[in-house]
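Taking it in order: structure first as structure tokens, then the write-up.
The values are calculated or read from the model by the stated rules, or taken from the named source; none is laboratory data. From a predicted model like this one, the values you see are computed outputs, not experimental measurements. Cβ placement follows ideal geometry from the backbone for every residue including glycine, while neighbour counts extend to all protein chains displayed.
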Amino acid sequence: MKKYMAGFLLVLVLIAPIYAVSGFSITLGEATNNNAAYKNSMLSYFQSKTDKNITDATTKVITASEVNSVSKNITGLVYPSSKIFSCAMVDLSYQNGIKVIVDKSKVTVVTPQMYANALQSSGIDRGYVVVSSPVPATGEAALAGVLKSYEIAVGTPIPEEAKKASTEELYLETQLVNQTGQNGDKVAQLFSDVKNQTQSQNLQNPDEIKVIVVNVANQMNINLSNNQTQQIADSVANSQKVRSNLTNFQDKLQGISQQVSNPGFVDQITNFLQEILNYVQGLVSGQ
């Protein structure tokens with residue numbers, strides 16, 4: 001009998017990761033979570049953006065320390081707990097690449113494409129993302145919450161160097177919006193085109209990438225200083241260098257995404273476990 005029970009427990013251990021993640025997650029900024037009115041407004045907003053019941057989402061709080069651990073050495077800013085308002089929802093059942101919805105009435109600078117660029121630098125190529133805040137915010141700090149939502153939904157951490165590369169990229173994009181007078185979508189397109197060409201040529205040398213930046217900027221009629229051009233080249237080079245460390249996370253992301261997009265998958269696993277349980281119970285009753 002011990003042999004049968006050991007086998008059953010082994011099956012549970014192997015199947016457990018499927019139940020440990022839902023592919024559906026919400027992160028609430030620390031300040032938002034501490035204010036009942038703000039929290040309820042965000043949950044209501046997220047509910048309006050999905051046909052799922054948000055009570056089924058795994059909900060966590062994103063703290064100031066988590067935001068600062070990634071961003072402070074990049075932005076030079078240290079956020080107090082009272083300033084972490086941004087919230088995010090991630091649903092991995094979405095199967096058409098990345099779709100990002102940004103509440104433009106509250107998030108004033110960062111655009112959907114800017115978030116999508118940063119997510120791709122973290123190895124994320126799929127999912128439905130919604131970003132908002134109960135109070136006006138520029139949106140840079142919200143990236144930490146989006147990344148945490150993905151980690152919760154996938155059940156696997158994103159490598160720290162990838163999170164830093166994506167944060168650096170988003171922060172640089174927001175700086176360029178302010179410095180060049182270009183809108184966020186155009187700056188995001190600049191980064192996207194440079195990254196695509198860099199990846200297709202498998203480049204990591206900033207000097208080589210800088211040539212691509214100059215060419216793309218000229219084609220888009222975006223005037224960049226030499227320093228801005230170098231900053232973009234360095235940022236894209238960093239994104240390229242961390243790609244080799246993202247294989248494990250990307251494999252898990254793909255696997256969970258496929259599982260949650262198949263409504264019958266969990267039912268099949270449940271039925272399988274029930275059959276095993278019934279079998280073991282039959283053995284016990286027959287002893």
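Looking at (1) β-branched (Val, Ile, Thr); (2) surrounded by fewer than 21 Cβ atoms within 10 Å (Cβ to Cβ); (3) touching a residue at least 24 places away in the same chain (Cβ under 8 Å); (4) farther than 30 Å from residue 87 by Cβ, which is the one condition that is false for residue 211?
Failing condition for residue 211: (3).
Suppose we filter 32, 63 for residues that are closer than 23 Å to residue 101 by Cα and either touching a strand residue (DSSP E or B) at 6+ places or on another chain (Cβ under 7 Å) or aromatic (Phe, Trp, Tyr) (or both); which single one remains?
32
Are there any pairs with C-beta distances below 9 angstrom linking a residue in segment 22-39 that is under 15 Å from residue 57 (Cα atoms) and in contact (Cβ under 8 Å) with a residue 40 or more places away in the chain to a residue that is of a type in the set (Asp, Glu) and assigned to a helix (DSSP H, G or I), with the two at least 6 apart or on different chains, and if so which?
22/56; 24/56; 25/151
Hey, among 69, 48, which residue is under 30 Å from residue 182 (Cα atoms) and either of a type in the set (Lys, Arg) or surrounded by fewer than 18 Cβ atoms within 10 Å (Cβ to Cβ) (or both)?
Sole residue among the options that is under 30 Å from residue 182 (Cα atoms) and either of a type in the set (Lys, Arg) or surrounded by fewer than 18 Cβ atoms within 10 Å (Cβ to Cβ) (or both): 69.
Can you find a residue in segment 11-28 that is surrounded by 13 or more Cβ atoms within 10 Å (Cβ to Cβ), at pLDDT 95 or above, of a type in the set (A, V, I, L, M) and not in a helix (DSSP H, G or I)?
yes
Test residue 120 against the criterion of being modelled with pLDDT under 95, assigned to a helix (DSSP H, G or I) and under 24 Å from residue 252 (Cα atoms), and give yes or no.
Yes, satisfied.
If you scan segment 31-76, which residues turn out to be among the aliphatic types (A, V, I, L, M), over 11 Å from residue 87 (Cα atoms) and not in a helix (DSSP H, G or I)?
57
Any idea how many residues of segment 102-145 are charged (D, E, K, R) and either out of contact with any Phe, Trp or Tyr (no Cβ under 8 Å at 6 or more places or on another chain) or crowded, with 24+ Cβ neighbours inside 10 Å (or both)?
Qualifying residue count for the region: 4.
Is there a residue in segment 95-103 that is within 26 Å of residue 204 (Cα to Cα), assigned to a helix (DSSP H, G or I) and of a type outside the set (D, E, K, R)?
No - not one qualifying residue is present in segment 95-103.
Given the conditions (1) crowded, with 23+ Cβ neighbours inside 10 Å; (2) free of Cβ contacts under 8 Å to residues at least 60 places away in the same chain; (3) more than 14 Å from the chain's Cα centre (by Cα), report the number of the one that residue 42 does not fulfil.
(2)
Out of 106, 83, 52, which single residue is charged (D, E, K, R) and in contact with a helix residue (DSSP H, G or I) (Cβ under 7 Å, 6 or more places away or on another chain)?
83
Would you pick out the residues in segment 214-238 that are in a loop (DSSP other than H, G, I, E, B), among the hydrophobic types (A, V, I, L, M, F, W, C) and without any contact (Cβ under 8 Å) to a residue 40 or more places away in the chain?
Of everything in segment 214-238, just one residue is in a loop (DSSP other than H, G, I, E, B), among the hydrophobic types (A, V, I, L, M, F, W, C) and without any contact (Cβ under 8 Å) to a residue 40 or more places away in the chain, namely 220.
Consider residue 93 carefully, then state whether it is at pLDDT below 95 and within 19 Å of residue 253 (Cβ to Cβ).
Here the answer is yes, as residue 93 does meet what is asked.
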